[in-house]
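Quick note: the coordinates plus some simple rules give every number you see, no bench work behind them. Because the structure is a prediction, the values reported are computed rather than measured. Cβ: placed from backbone, ideal geometry, glycine included. Neighbour counts: every protein chain shown.
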Amino acid sequence: MQSRTEKFSFHVKVFGCQMNQADSERFSAFLVALGGKPDSEENSKIIIFVSCGVRQTAEQKIVSSIKKSRNGRPGSILILTGCLAHRPDVQKSLREIVDIFIPAGQLSDFVNEIKNLTGLEKDFKVDDFYTLKPLREETFRVFIPIMTGCNNFCSYCVVPYARGREVSRSPEEILEEVKLAIKNDAKEIFLLGQNVNSYKGEDGKGTSWDFPDLLKKVNSLRGDFWIKFLSSHPKDTDAKLLKTMSDCKKVSPNLHLPIQSGSNKILKLMNRKYTAEKYLNLLKKAKEIYPEIVISSDIIVGFPGESEKDFEKSIAVVKKARFEMLYSLKYSKRPQTAASKMKETVDSLEKKRRQQELDRTWKAISVKNNQKFIGKQIKFIINSTKETASGLLTLGKSFEEKTVCVTQKKSDNIKVRGDWAWAQIESVSPLGLKGKIVKK
Ligand code: SAH
Ligand code: SF4
């Protein structure tokens, strides 16, 4: 493709979850190590799409972005990786447009393909993709994968097919990455896995570590930072995790615990391995062990066979669980999954109606939950600022993972993305807390 000394430009486009973000930072690191130079999409020779296949809408967005890129720059090399790249139908329909497909679980292929492409024979051994030190655009918030893959095979979900079976990184490797992030002033450290509480690491001495062991260790490191983590499966969430969360002062009280449905019939069809009653008991236990815990969840509407009665059970479970945040998702049929063989029974209009009703329900509860913050001062990390007529509109996230919104005035000592700040909360909405910035 080019001489061995010439630098090649590349651009990484990320779609979907934080795990994809974390992968993309390692792709970038690897390309830089090979002599690549990160650049805009327009100026790049190699463009890498880190794709998401969780829902059809995400898939459509990526496909149109790839087509646009190919039309705009016929001479570039397009690489598709992430959760769509393994799919035979995707490979077939995009084979004229995409140059290389690298499935998410086969990252050593990525290394070899890039070496071939660039003609560079740099001695760069990558036994394990995750040993690569990520190249991060920002350091105040970091996403650190602790495990990848999933063994659960929920019937609607593409992840086990896209990312393979569960593999945990060693605790030493994770801790080294965490320490480096802290040294670079990380304020918010996200530990990531498809199912973090099935983490099983083994250290050099042969001792095995579970997720709470890892949380305790990260919590014991010196520095001013918060630890957050995603996602937890209800079937593996136990007293040890809840007790550890309550004991570890740097660990956010937010537990994202997707329930997916309130109907036991649907949960069974989804292969979720718990009932709604079991889930609610778990929440009761969680609140006993850790009264300040903040539970958020995901619910899918319109799964094949979901009757109005089943849907009402999802509404009922939201009212009982009193979630602080809920992501409602319309069921999307995914190739290869067990549910893709089930007959769809809920049309898209009805899915939309159910989604809206679910949203109204959790939002009414969430407003009430948020009212306890009125009059309180809370610490947050600034994510974004935007000039408006009344000042600098500033958004951020709190320890509890609440969105905080303040307007900074010129007279304030202006704070920017990545800064710590304090807000005095004056009003609330279902999605977050509003107030004014205060000096601390
Ligand atoms: N491992 C995580 C979820 C990863 S996928 C867990 O078990 O919680 C993130 C969310 O996407 C899921 O919680 C689910 O609600 C949603 N999702 C996954 N597949 C979907 C599909 N086919 N249709 C609609 N939503 C889906
Ligand atoms: Fe998908 Fe279920 Fe695994 Fe989550 S636990 S990634 S929903 S298969």
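Overview of values
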item: For the stretch 138-252, with +1 on Lys and Arg beta carbons and -1 on Asp and Glu, the positive-most of 248, 182, 197 along the dipole; result: 248
item: Filter on 200/228; 187/217; 235/434; 7/386; 228/287 - keep pairs with C-alpha separation over 27 Å; result: 235/434; 7/386
item: Three-way shape label, the stretch 305-354, alpha-carbon gyration tensor, a/c 1.5; result: prolate
item: Calculated FRET efficiency for the pair residue 116/residue 67, C-beta based, R₀ 22 Å, to 0.05; result: 0.30
item: Cα pair count fraction exceeding 16 Å, expressed as % - the stretch 212-315; result: 59
item: Three-way shape call for the stretch 270-380 based on the alpha-carbon gyration tensor, with the a/c threshold at 1.5; result: prolate
item: Solvent-free Debye scattering, log10 I(q)/I(0), computed from the Cα coordinates of the chain at q = 0.07, 0.10, 0.13 Å⁻¹; result: -0.38, -0.80, -1.35
item: Inter-probe distance in nm under a simple model that places probes 7 Å from Cα toward Cβ, at residue 426 and residue 239; result: 4.7
item: Span from the the stretch 270-339 Cα centroid across to the the stretch 59-99 one, whole angstrom; result: 34
item: Residue 371/residue 9 FRET efficiency (R0 51 Å; Cβ-Cβ; nearest 0.05); result: 0.50
item: Fully extended contour minus Cα-Cα distance, from residue 360 to residue 99, at 0.36 nm per residue; result: 89.5 nm
item: Simple Cβ-charge dipole of the stretch 245-345, Lys/Arg +1 and Asp/Glu -1, about Cα centre, in debye nearest 20; result: 280
item: Equivalent ellipsoid semi-axes, the stretch 238-298, via Cα gyration tensor eigenvalues times 5, rooted, Å; result: 24, 11, 9
item: Stretchable slack from residue 348 to residue 37, in nm (0.36 nm times residue separation minus alpha-carbon distance); result: 107.5 nm
item: Theoretical gain in end-to-end length, residue 320 to residue 131 [0.36 nm per residue, Cα-Cα removed]; result: 63.7 nm
item: Globularity ratio of the stretch 8-128, using Cα Rg and 2.2 N^0.38 Å; result: 0.99
